[in-house]
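What follows draws every value from the coordinates through simple rules; no lab data is involved. Quick caveat: nothing in here was measured; it's all calculated off a predicted structure. All Cβ positions, glycine included, derive from the backbone under ideal geometry; neighbour counts span all protein chains shown.
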Amino acid sequence: MELTGVELNEFLLKKAGKTWDDVVEEGATIKDIDEKSIAKLIEDSKEKGRMPDTKGLTVFQILEKLQLTEGRKLKRAALILFGKDPNQFYPNIQVKIGRFGKDSSDLKFHEVVEGNLVQMLEEVQVQLNYKFLTRPVTFVGLQRIEKNEYPEPALREMLLNSLVHRTYMGAFVQLRVFDTKLSIWNEGGLPFGLSVEDLKKEHNSRPRNPKIAKACFLAGYIDAWGRGTLKIISTCKKAQLPEPEIIEKDGGFQVTIFKDSIGGQDGSQDDVTGGAMGGQIGSVIGGQVGGQVGGQVSALTERQKEVLKLIVADPKISRKQLAEKLGINESAVQKHTNTLKKKGIIERESDTTGLWTIKVKK
C-alpha cells in the first residue's frame with residue numbers, strides 16, 4: 001500500500017518507536033502552557049482518583065509526572081492538552097460546528113471553537129447547549145424537567161473520541177447538527193487490523209495519540225479498555241434512540257447519532273423525507289410491510305428500517321438518492337440494501353427500470 005502525507009509521517013514515526021504526540025516541540029517553552037487548563041484537568045481527575053499526587057509541584061513537574069516532557073523540553077502532547085495557543089504550532093487545532101437543515105447543502109450558521117483539548121472539551125459542549133440544540137421542556141407537577149435532544153454521555157464520548165484519536169496534522173474536527181441527527185468527523189482512519197464492526201463489540205484500545213490518551217485517562221475523561229464506541233451505542237439504546245452510525249469516511253472517522261426512528265409510531269416525528277411523509281411511511285411499514293414480512297422488520301437495525309421505509313415510500317428511489325436522504329455514502333446504502341435482499345424483504349427488479357419491490361413471505 002502506498003503511503004503519502006500524514007499516513008507516511010505516522011508510519012515513519014512508528015518505525016522509530018514514536019507516535020506524533022510523543023515528539024518534542026523544539027520551539028515550545030513552559031510559557032506556552034496554560035496553568036488554568038492543568039488545574040482544570042487535576043480538578044476533574046478527583047472523581048476517579050487516577051491522577052498521581054501533584055500537590056506542591058511546579059507546572060513543569062506536573063508535566064513531567066504526566067510524561068509530557070523530555071529533559072527540559074515539552075512534547076507535542078503537552079501543547080495539545082494545555083497549550084495557550086496550540087494553533088501557533090499546529091494548524092487546525094479547532095472544532096467547527098455547523099447547524100444544517102435536512103442535508104449538508106443547507107447550512108444555517110456555524111461557530112469555530114479553538115484552544116487546547118481541555119478548553120475545547122468544555123467550550124464545545126457550551127456552544128452545543130446554547131446555540132445548536134434545543135431542549136424540550138416538560139412539567140411533572142410543579143417540577144420543570146429538561147430533556148436533552150441527544151444523550152449527554154454519548155455526545156461527550158463522541159467529542160472525546162474525536163479529540164483524543166484524531167490526526168493532529170490533518171483537518172479540523174467537524175461537528176454537524178441536522179434537524180434529525182448529529183455527526184462528528186475527525187481525520188484519521190482506524191488502526192490497521194481494526195474494523196468498524198470490531199468497534200461494535202468488545203475490542204482492545206489502540207490510541208493514535210497514547211500520551212494524550214493517558215492524560216485523559218488519568219483525568220477520568222476516558223477509560224483504557226476500548227469501550228468508547230460501546231458506550232455511545234448503549235447510551236443511545238438506553239435513551240430508546242436508533243443505533244448510531246459508525247463509518248470511515250473521507251480519510252477519517254465519523255459517528256452519527258439520531259433523534260428518533262424515521263416517522264415515529266404515530267407519524268408525528270419529522271424525518272429525512274418530511275413530517276407529512278413520515279406519517280405515511282410509518283403507516284405503510286406498520287401495515288403493508290408488516291403484513292408481508294412480519295417479524296423480520298422488527299429484527300432489522302434502525303438504519304435498515306430507515307432504508308426500507310424510504311424504499312416503500314418511493315420504489316423508484318436510487319441508491320444515490322437514499323444516500324443523500326440518509327446522509328451516508330452509497331457503499332453504506334448498498335450494504336444495507338444487500339442485507340434486506342438477503343433477508344428476502346426487498347428485491348431489485350432490474351438496474352434498467354430501477355424499481356424496488358417488497359417480497360411477500362409465505
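Annotations for the structure displayed:
- Shape of the stretch 149-219, Cα gyration tensor, a/c cut at 1.5: rounded
- Remark: the stretch 160-171, residue by residue, has Karplus-estimated 3J(HN,Hα) of 4, 4, 5, 7, 7, 9, 6, 8, 7, 9, x, 6 Hz, where x stands for each Gly or Pro and the curve is 6.51 cos²θ - 1.76 cosθ + 1.60 at θ = phi - 60°.
- Residue pairs, from the table 18/48; 131/325; 14/259; 249/316; 75/102, whose Cα atoms sit over 31 Å apart: 14/259; 75/102
- Using θ = phi - 60° in the Karplus curve 6.51 cos²θ - 1.76 cosθ + 1.60, the 3J(HN,Hα) couplings for the stretch 42-59 round to 5, 5, 5, 6, 4, 4, 8, x, 9, 6, x, 4, 10, 4, x, 8, 6, 4 Hz; x is entered for Gly and Pro.
- Computed 3J(HN,Hα) for the stretch 227-236, one whole-Hz value per residue from the Karplus formula 6.51 cos²θ - 1.76 cosθ + 1.60 where θ = phi - 60°, is 9, x, 5, 5, 5, 4, 5, 5, 5, 5, glycine and proline marked x.
- For the stretch 5-84, a crude dipole built from +1 on the beta carbon of Lys and Arg and -1 on the beta carbon of Asp and Glu, taken about the Cα centre, is about 160 debye to the nearest 20.
- Maximal additional length on extending the residue 14-residue 237 stretch stands at 76.5 nm, based on 0.36 nm per residue less the C-alpha distance.
- Partners of residue 73 within straight-line reach, counting aspartates and glutamates whose Cα lies under 12 Å from its Cα and excluding those fewer than 8 residues away in the same chain: 22, 25, 26, 32, 64.
- Amide H contacts under 5 Å for residue 83, placed H, 5+ residues apart: 34, 117
- The rule of thumb for compact globular proteins, 2.2 N^0.38 Å, goes into the C-alpha radius of gyration of the stretch 5-84 1.21 times.
- By the count of neighbouring beta-carbon atoms within 10 Å, fewest first, 82, 258, 60 end up ordered 60, 258, 82.
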